[in-house]
Each structure stands twice: as structure tokens, then as C-alpha cells.
Amino acid sequence: MSRGGPHGDGGPAGPGSAGPVTTTRERRAAHGWQDSVREYVRDLRGGVRDGERGPLLVIAGLIVIWIVFQGLDDKFLSPRNLSNLSVDIVGTGLVAVGIVFVLLIREIDLSVGSVSGLAGAAFAVLNVNQGVPEWLAVIVAVAAGTAVGAFHGFFHAWLGVPAFVVTLAGLLIWNGLTLYLLGASGTINIDEEGLVASLTSRHFGSDLAAYAVATLGTGGYFLAARRRRSRHLATGMPYRPGGEIWLRTGLLAVVAFAGAHTLNRFQGLPLALLIFLVILVVSDYVLRRTRYGRRVYALGGGVEAARRAGIGVERVRVAMFMVSGTLAAFGGLFVASGLTSASPTTARAAGSGMLLINAIAAAVIGGTSLFGGRGSPWSVLLGVVVIQSIASGMGLLGVQDAVQFMITGGVLLAAVAADALSRRAQARRGRP
Amino acid sequence: MAHPPVLALRGITKRFGGVQALVDVDLQVRAGEVVALAGDNGAGKSTLVKVISGVSPADRGIIEWEGRPVQVKRPHDAHALGIATVYQDLAMCDNLDVVGNLFLGREIDRVGVLDEVEMERRARDLMRALSIRIPDVRMPVAALSAGQRQAVAISRSLMGAPKVLLLDEPTAALGVEQTSHLLDLIEGVRDRGMAIILISHNMGDIKAVADRVAVLRLGRNNGLFDVSTVTQEQIISSVTGAADNAVAHRSKGGEEAWP
């Protein structure tokens, strides 16, 4: 499976198992264990061969970032900081997953920061000021995000306004609406014991929880990969060798159990991280394993081809903006939960685009292309860890906002440049 | 050639504003036959393709399918009859693999979940049946050569078991060896009983693979020849509308002719 592509044989790829390129599948199937390891490492690295970026470079970058910050401040890799990091990535991460859906069809949604701010404010106003039950306020806030996405999608897909302009207008409109909603009351503090606050504050205290999730994830991956392999072999088709499945499972297990162990040394598995992982698994499954997901990738690979194949292009477009709006709103609840408030100050910050830029950067750093059709929700996990590590490290060191802005912008630019370069590498090889 | 034509066009006329794109054009194709459609740029070949494929219906004229008059008003109508079109631009999703492109829009699934194994198995069978050599059906089509892409596009059009295949300039972007592979593929498809309409500029291709050649000139029929008896010069003069001109002269020199 090429990196993040929707090809059939990849597993529910974990952070370190983005999948091999299948051009080598048959060859690999015929060779021994060592060859399969060598091929797998090459796939991770990606490169000129396919113009695809493997995750290895990003993983190496992440390790460098961690070493540097740990050297500057030895609290950086403490279980406490890493545990906080695993909660802090969720708000941005959910927004970025929504961005991935839109990037896959080769569009962009610039409104997600404002929409997430709107959801937080809508929840706070409804629940705290109006006395609406929390669960209902949550549903309304998330549904507002869906509606906003439908609104953008309508203007883009049916009226033909470029998505970038629609959502740029949306950025201002929804930010304005947020400030308007909060205008009368100023900062609203949400219930610290409530449902939304517990999204980021709740941890599963028992050590078992984290290990159970690690076991389920690793075991589920292994069984699914084995099942696919045996189905392929049963019909006489080649598949990646069994040794490679063991290798991938082993790497996944190391990452999963090391993570679980670290989290257990602080407060245990955070609820936020669990929700994030579930959403990643579900969205990856939908995109790569279902007929609907195939249409999404097809649209990113060629609108005309998709149209001729009878795919309702407009409907898919609207749906993707709805997904993006929904996840932006959901992510916004996590942001509000982390702050336990919704305030004009944070709303203005959301309008300034920091969350938007972080979300786009997370998606692109992880390997989702701005040029459509390439990438996966899993790319967000790697990307958002990189982004949040930089933010967290700079926070620990007390780096001022001005410098943080420049560094975050620079990281986004570097990621986008890498994306454009890999696209050029494809073009050089005669691909359109 | 005793069968009735699968597809017959009679008196097809189409105008765009003041321009007569097609005037009383007739064309027939039978099962197991390759009819080449030749003509200069602007002769109306593409317009005729669009009429047959339902993209842009004719103003007047009759389309007969297996002897019965039918309406082809939309691409869907053509599709439902069993007419498959491979356009020059191929229109494939570069990011999807060969299997994904072959089954695009007609995926095999179980309650919405793709059955990749079955799709891959059928894709392999199809590639083998057509003797198409592709390194791996799980390669993204972006990584294929122009000839392989063309072959995949043609095999995709065969997925719906059509009876008539329209090929719009399939060899235009191909090298010599790729062209010869493609012509083999076209012959293979014909031998499976398909009726093929091959739009081409290339006299060599027409001579190599077509049974008959229909020439369009300025939107009208300008000759229908049996390829086994006609000479290249005759086709060219019919295309250009002159028995004796520079193009015809030039091509007398060798096989490598036109354009």
C-alpha cells in the first residue's frame, strides 16, 4: 500500500506502520524475512521512487525535537508532560482529521478554527447562561458545526464558489457570530465537574485501562492483517509475507505499550486520547475500506474520472465539508474543555488562525497532501504530536508568543514545501 | 459479416450555432469488427463520438441498436445499451491503484465494505485474459506508462460487458512498441466478439487493426473502404478531399505516413 493511499491491503495502520508500497509486493512475497524487513524500511522512508513521503523522516524529526527539548528542560519527557501532551493534541487533532477529509478531495477549509470557537461558545452560552442540559448543549454545538459545513459545502459544490473563498468568508462570519454570542456575558466559565470539562480532565485511573487499549489495538491489527493475508493466499494471490506482519505488529506493540506504561505513571489513560484514537480508527476504516471512502479518494484523484464513474461529485463535496465542520466543532469542545471556559479572548485567538494553522500543519506533516487524494486520518496523529511537542516545549521554556507564531508558521511552510516537492518528484517521473 | 450491425447510425445531423458539425452521417459496426473512423481535424469525429456516447445528442438522425431504433440522449442511455467509451484523456484517478480504477463506481462490497480480495482476483483474471502486462494490479495508475494506462482504461471499459467499444485516438500518446501492444489488445477484444469503433489519425494503425475504415470530411461521409483492398493513399486522399496533393505524395515514400 502506498503511503496513506486507499489500497486494499494495508492494515489499520498505526503510527509506525503506514504501509508498504505494493509495487514490491509480489517480489517481497517471494523473498525471505530479511528482505521483507529491508523493503519495509524502504517503504517507511518513502522517496523518489514513488514521489511519496514516508513517515520515517517525520519520526526522525520528532525524535530530534524531543531530544532537543529534553536537553533544554528535563521535565519535557516526564510522564506528566507527555500525558498532558496526549490530551492537548486531541482538540487540534480532531480539527485536523476534519481537514484531512477536505484535503483528500483537494479542497481546503479555512473556517475550522472559527467553527471550533463557535462550538465552544455555543455550548457555554446554552449550558451556563440558558440552563440547557449539558448533553443537549453538546449536541446542538456539534450539530451547529455540521450545519456550518453544509452551508460552506452548498456554496462551494452547488454555486461553484472556490472553497478557499467560501471558508475564508466563513472564518470571519463564524468568528463574528462567536463574539456576538459572547458579547453580552464576556467570559463564561463552564462547569468544572461537567461532561465537557471531563472530556479532557477524566483519566482512567486503573492501569488496566491503558494496557487493555494497547492490547486491543495491537491484537486487532494483528488479527485483521492475518485474516487479509489468509484470504489473499486462499485465492492464490500474493500478499506481504507473514514475517512482515509480525514485524509491524511488534513495532506497533512497542509504541502502544510504551505509551500505556508512560500514561500509567501519571494518571492513567486520558479519556480524550481514547476518543481521539477511536475517531482515527473509525475514519480510517470508512475512508479506506468502504465504498463511500473510495469515492472520496477518487474525487481527489480526478474529478472528471469520478464524475464519469457515476459518483455524485457535488454530494460528496458537501458531505466532506459537513464532516470537517462537525469535527471542528467537536474539537472546539475539547479546546473549551481544556480551558474550562469560553471567552472573547480565546474566540479572537481562534479567529487569528492559530488553531487552523496547527490543524493544517498536523495533517500535512503527517503526510496528507494538499494536492488531493493522498493521505489518511492516521497522518494526523504523527503530525499533531510534532506540532504539539513544539508548542509544549516552547511553553515549558517560556518562549514568547511572537516567536511561537514564527516557528509554527515556519513548520507549516516546511511541511507544505515538502509536499510540493514530492509532487514535483512525481511529475518528473512523467506522472500528471 | 452476415450479422446485422450492432450499432447503426443513419442520417446523423448536428449543428453548433451556424456550424454544421455533422450532415447526414451514416455509420455501422458489427460484432467482431473494428471500424476505423478517420478524418482531418474538425471533420466531426469527436462530435460523432459524443453523439454515440450520449454526451451531446444529435439534432436529427436515427440510431439503431441491433436493428431497433433507440434514443441516446444521455451518457446513461449509451451505457445501458452497452456502449462503452474510452476518451482520449482516459480520465483515471491517478492516486488509486489499478484495481481501484477498474472498479471505480462499481465496487464489489458487502454492506458497503469493499471486498478487495474479490476485486483484485477479478482484476488479475481480466488482465490475464487480455494479456495485459502490468507489474502489479496494486500499483497506483500514476506509476504506469502511457501504454499501460491506456490498456487499463480499455479494460475498465470492458468491465460492464459492453457490446460496442468506442476508442478515441488510443495510440496518440504512445510509442511504437506500446502502440503494437495496444493494437494486439484491440484485436484480442475484437476476437471476443466486441464491435469496436476506432477513431484514429494514424494510417498505420488503421491498416494494422481495422476491418473497414469510414472517412469523415467536413462533417459528411466521404468514403467507406475495406481495409484489405484499399491503399493508404486512397484513404488519405479521401481524408484530405484531393486525389493528388502534397500530403498524399509525401506518404508514398514509406510506411511511416500520417500525420
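List of remarks:
- Selection within the stretch A:110-165 - touching a strand residue (DSSP E or B) at 6+ places or on another chain (Cβ under 7 Å), buried (at least 24 other Cβ atoms within 10 Å of the Cβ) and of a type outside the set (A, V, I, L, M, F, W, C): A:GLY120
- Taking the criterion of being within 14 Å of chain A (Cβ to nearest Cβ) and open to solvent by 20 Å² or more (accessible area, probe 1.4 Å), the residues of the stretch B:39-89 that qualify are B:LYS50, B:VAL55, B:ARG74, B:PRO75, B:HIS76, B:ASP77, B:HIS79, B:ALA80, B:THR85, B:TYR87, B:GLN88, B:ASP89.
- Within the stretch A:235-257, residues that are of a type in the set (Asp, Glu) have Cβ atoms under 6 Å from residues that are outside any loop (DSSP other than H, G, I, E, B) in these pairs: A:GLU244/A:SER36; A:GLU244/A:TYR40, counting only partners at least 6 apart in sequence or on another chain.
- In the set B:ALA78, B:ALA21, B:ALA43, only one residue is under 25 Å from B:LYS163 (Cβ atoms) and among the small types (Gly, Ala, Ser); that residue is B:ALA78.
- Of all residues in the stretch B:90-118, those that are more than 7 Å from chain A (Cβ to nearest Cβ) and farther than 30 Å from A:ARG227 by Cβ total 1.
- Hits in the stretch B:90-113 - residues which are crowded, with 24+ Cβ neighbours inside 10 Å and among the charged types (D, E, K, R): B:ASP97
Rundown of residues vs (1) more than 15 Å from the chain's Cα centre (by Cα); (2) more than 8 Å from chain B (Cβ to nearest Cβ); (3) within 23 Å of A:ASP191 (Cβ to Cβ); (4) modelled with pLDDT of 95 or more, yes/no style:
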| position | (1), (2), (3), (4) |
| --- | --- |
| A:ARG289 | yes, no, no, no |
| A:GLY300 | yes, no, no, no |
| A:ALA306 | yes, no, no, no |
| A:ALA309 | yes, no, no, no |
| A:VAL316 | yes, yes, no, yes |
| A:PHE321 | yes, yes, no, yes |
| A:GLY331 | no, yes, yes, yes |
| A:LEU339 | yes, yes, yes, no |
| A:THR345 | yes, yes, yes, no |
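- Scope the stretch B:135-172; condition open to solvent by less than 20 Å² (accessible area, probe 1.4 Å), assigned to a helix (DSSP H, G or I) and out of contact with any Leu (no Cβ under 8 Å at 6 or more places or on another chain); matching residues: B:ALA142
- Failed condition for A:ASP419, given (1) more than 21 Å from A:PRO55 (Cβ to Cβ); (2) at pLDDT below 90; (3) part of a helix (DSSP H, G or I): (1)
- Among the criteria (1) surrounded by 17 or more Cβ atoms within 10 Å (Cβ to Cβ); (2) away from chain B (no Cβ under 14 Å); (3) touching a Pro at 6+ places or on another chain (Cβ under 7 Å), the one A:ARG265 does not fulfil is (1).
- Restricting attention to the stretch B:135-149 and to residues that are of a type in the set (Gly, Ala, Ser) and either more than 22 Å from the chain's Cα centre (by Cα) or within 16 Å of B:PHE103 (Cβ to Cβ) (or both), the residue that is farthest from the other protein chains (Cβ to nearest Cβ) turns out to be B:ALA143.
- Checked across the stretch B:119-134, the condition of being facing another protein chain (nearest Cβ under 8 Å), of a type outside the set (Phe, Trp, Tyr) and either touching a residue at least 24 places away in the same chain (Cβ under 8 Å) or surrounded by 22 or more Cβ atoms within 10 Å (Cβ to Cβ) (or both) holds for at least one residue.
- If you check A:VAL102, A:VAL64 for being under 21 Å from A:ALA414 (Cα atoms), in a helix (DSSP H, G or I), open to solvent by 10 Å² or more (accessible area, probe 1.4 Å) and of a type outside the set (S, T, N, Q), only one passes: A:VAL64.
- Residues of the stretch B:36-75 satisfying the condition of being outside any loop (DSSP other than H, G, I, E, B) and touching a Gly at 6+ places or on another chain (Cβ under 7 Å): B:LYS45, B:ARG60, B:GLY61, B:ILE62, B:PRO75
- Within the stretch B:222-236, the set of residues being of a type in the set (Val, Ile, Thr) and open to solvent by 80 Å² or more (accessible area, probe 1.4 Å) comprises B:THR229 only.
- Some residue of the stretch A:121-129 being more than 19 Å from A:ILE190 (Cβ to Cβ) and either over 16 Å from the mean Cα position of the chain (by Cα) or in contact (Cβ under 8 Å) with a residue 60 or more places away in the chain (or both): no
- Where a residue in the stretch A:317-344 is on the phi > 0 side of the Ramachandran plot and its partner, wherever it lies, is assigned to a helix (DSSP H, G or I) and open to solvent by less than 10 Å² (accessible area, probe 1.4 Å), with Cβ under 8 Å and at least six apart: A:THR340/A:ALA197
- Count of residues meeting criterion [in contact with a Gly (Cβ under 7 Å, 6 or more places away or on another chain) and at pLDDT 85 or above] in the stretch B:223-259: 2
- Residues within the stretch A:347-385 that are over 12 Å from the mean Cα position of the chain (by Cα) and away from chain B (no Cβ under 14 Å), tallied: 11
- Of all residues in the stretch A:217-259 being aliphatic (A, V, I, L, M), under 27 Å from the mean Cα position of the chain (by Cα) and within 14 Å of chain B (Cβ to nearest Cβ), the one that is least open to solvent (accessible area, probe 1.4 Å): A:ALA225
- Scanning the stretch A:105-124 for residues that are part of a helix (DSSP H, G or I) and hydroxyl-bearing (Ser, Thr, Tyr) turns up A:SER114, A:SER116.
- Residues satisfying the stated conditions in the stretch A:166-203, i.e. assigned to a helix (DSSP H, G or I), more than 27 Å from A:GLU107 (Cβ to Cβ) and open to solvent by 80 Å² or more (accessible area, probe 1.4 Å): A:TYR180, A:LEU195
- Subset of the stretch A:274-287 (residues that are open to solvent by less than 20 Å² (accessible area, probe 1.4 Å) and either at the interface with chain B (Cβ under 9 Å from one of its Cβ atoms) or charged (D, E, K, R) (or both)): A:ASP284
- Some residue of the stretch B:15-35 being assigned to a helix (DSSP H, G or I) and surrounded by fewer than 22 Cβ atoms within 10 Å (Cβ to Cβ): no
- Qualifying residue in the stretch A:217-239 (condition: touching a Ser or Thr at 6+ places or on another chain (Cβ under 6 Å), more than 20 Å from A:ILE59 (Cα to Cα) and not in a helix (DSSP H, G or I)): no
The values are calculated or read from the model by the stated rules, or taken from the named source; none is laboratory data. Owing to the predicted nature of the structure, the values given are computational and were not obtained by experimental measurement. Cβ sites come from the backbone with ideal geometry, for glycine too, and all protein chains shown count toward neighbours. Heavy atoms of the whole protein, side chains included, go into the accessibility calculation; ligands, DNA and RNA do not. Shrake-Rupley method; radii C 1.70, N 1.55, O 1.52, S 1.80 Å.
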